[in-house]
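*Asks:* Take this structure first; my questions come after.
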Amino acid sequence: MENFPLPRLDDDEELKSYLLPYCRLRRGDIWTDTLKRHKVLCDDCTIDLSIKKLMGEEKASLALHDPPYNFIAFDQRQLISFTEWSKRWVNTTAFSLADNSSMYVWLGADQKNHFQPLPQFMNMMAETDFFSRSFITMRNQRGYGTQKNWMSIRQELLYYTKGVPSFDVNAEYTDIPKILRGYYKEIHGVVKENSERSNSQFIRAGNVWVDVQQVFYRMEENVNGCFAQKPLKAVKRIIQASSSENDIVIDFFSHSGTTLLASEILNRKCFCADIDPVFCEISIRRIENHRANHKTGWQNSNPFYKEIESNNSLKNYLQKKYSEVKTTSLKVNLI
């Protein structure tokens, strides 16, 4: 089962029930890394006492969150509930951050339903003590095909600050060379164009990121089963821009463990949380796998392939699931 990808985990409670016995954390537990002192909390991030237990006396310089949201549809009741729920984890984040710190939030916008929940979240944040700094767009290389609308190829990232944190502008430079001349300006009596005035031959990412590859199954960093996994390159860029070595970075929706892995690579200490024991285990296994094999993910494999190989019930379930997916795909193609 080493080359057997997992289906989407957040949509398959039966599969998660098979994987649960292999998870070392239960609700309320904290795993503490003995090597670099990372922490993984298995609990609801809106519970003050749980987050205080995770943080202890320490404060983070950066929060990087990717909260789950229903991208398909929100009715008014669901929208109000989402906003109120978001307010609670924003409050626990504010408690966890140092006086001068940054917070980044990945959040989608349903273009078929008044761009919810993005504007509602923005309005909620306007009532907090955080300051809005930038609205970043990351361009996906693949999008949702459509013949009657503009193809959806963007992911939204909101950047807020608390106090006056530092920002390392060097992290913003890409690998894309400057190839266009222009923006002429007179400097000390000499007219110069933009590349002559700059210290770098490469363009800055700005708040539109076109140089980050969306994660898909052929990439080494791919973690099967984790839907909408964020690219390691994007997370590393954020960490390098808004924190320093040995700082604490927090992520209350750990999911595939990308923030934890990026912190490991960049010599930061990560305190992360997830309410689901399976995603907590995946996060832990991801840095363990990186330390053992220098891999950033499992590509076409998955974090539980050894356990699947030795568990016939789990193996049979996945084989059946995989056959159903192939059959459904074939029917769609035939239609």
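The values are calculated or read from the model by the stated rules, or taken from the named source; none is laboratory data. Fair warning: this is a prediction, and the values are worked out from it, not measured in the lab. Because the Cβ atoms are built from the backbone with ideal geometry, glycine has one as well, and the counts that use them run over all protein chains shown.
*Asks:* Tell me, which helices (runs of 4 or more DSSP H) lie completely within the stretch 231-306 with 2 or more residues that are of a type outside the set (V, I, T), more than 21 Å from K162 (Cα to Cα) and in contact with a Ser or Thr (Cβ under 8 Å, 6 or more places away or on another chain)?
*Replies:* Ranges flagged: 258-265, 277-293.
*Asks:* May I pose another question? Looking at K36, K16, K87, K53 in this structure, which one is within 17 Å of R268 (Cα to Cα) and surrounded by fewer than 19 Cβ atoms within 10 Å (Cβ to Cβ)?
*Replies:* Details: K16 fails: within 17 Å of R268 (Cα to Cα); K87 fails: within 17 Å of R268 (Cα to Cα); K53 fails: within 17 Å of R268 (Cα to Cα).
Exactly one residue qualifies, and that residue is K36.
Okay, residues lined up against (1) at pLDDT 95 or above; (2) of a type in the set (A, V, I, L, M):
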| site | (1), (2) |
| --- | --- |
| F279 | yes, no |
| R286 | yes, no |
| H294 | yes, no |
| I308 | no, yes |
| K315 | no, no |
| S323 | no, no |
| K326 | no, no |
| L330 | no, yes |
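*Asks:* Looking at V215, V208, can you tell me which residue is surrounded by 10 or more Cβ atoms within 10 Å (Cβ to Cβ), closer than 16 Å to I136 by Cβ and either at pLDDT 75 or above or within 23 Å of the chain's Cα centre (by Cα) (or both)? Can you show your working first?
*Replies:* Details: V215 fails: closer than 16 Å to I136 by Cβ.
Result of the check over V215, V208: V208.
*Asks:* A further question on this structure: Tell me which strands (runs of 3 or more DSSP E) are completely within the stretch 97-190 and hold 2 or more residues being within 23 Å of F82 (Cβ to Cβ), or say none if there are none.
*Replies:* Working: elements: 97-106, 131-144, 152-162, 173-177, 185-187.
Ranges flagged: 97-106, 131-144, 152-162.
*Asks:* Just one of K87, K36, K53 is in contact with a helix residue (DSSP H, G or I) (Cβ under 9 Å, 6 or more places away or on another chain) and either β-branched (V, I, T) or part of a helix (DSSP H, G or I) (or both); which is it? Full working, then the answer.
*Replies:* Numbers: K36 fails: either β-branched (V, I, T) or part of a helix (DSSP H, G or I) (or both); K53 fails: in contact with a helix residue (DSSP H, G or I) (Cβ under 9 Å, 6 or more places away or on another chain).
After ruling out the rest, the residue left standing is K87.
*Asks:* Shifting gears a bit: Does E245 satisfy the criteria of being of a type outside the set (S, T, Y) and free of Cβ contacts under 8 Å to residues at least 24 places away in the same chain? Explain how you work it out, then say what you get.
*Replies:* Working: of a type outside the set (S, T, Y): yes; free of Cβ contacts under 8 Å to residues at least 24 places away in the same chain: yes.
Against the criterion (of a type outside the set (S, T, Y) and free of Cβ contacts under 8 Å to residues at least 24 places away in the same chain), E245 qualifies.
*Asks:* So for the stretch 124-134 (the condition being exposed (fewer than 11 other Cβ atoms within 10 Å of the Cβ), at pLDDT 95 or above and out of contact with any strand residue (DSSP E or B) (no Cβ under 9 Å at 6 or more places or on another chain)), does at least one residue qualify?
*Replies:* Scanning the stretch 124-134 turns up at least one residue that is exposed (fewer than 11 other Cβ atoms within 10 Å of the Cβ), at pLDDT 95 or above and out of contact with any strand residue (DSSP E or B) (no Cβ under 9 Å at 6 or more places or on another chain).
*Asks:* Additional query: Would you check which residues across the stretch 9-28 are assigned to a loop (DSSP other than H, G, I, E, B) and either under 20 Å from V223 (Cα atoms) or more than 22 Å from the chain's Cα centre (by Cα) (or both) and list them?
*Replies:* So the first thing to find is which residues in the stretch 9-28 are assigned to a loop (DSSP other than H, G, I, E, B), and the list is 12, 23-28.
Those that are assigned to a loop (DSSP other than H, G, I, E, B) and either under 20 Å from V223 (Cα atoms) or more than 22 Å from the chain's Cα centre (by Cα) (or both): D12, C23, R24, L25, R26, G28.
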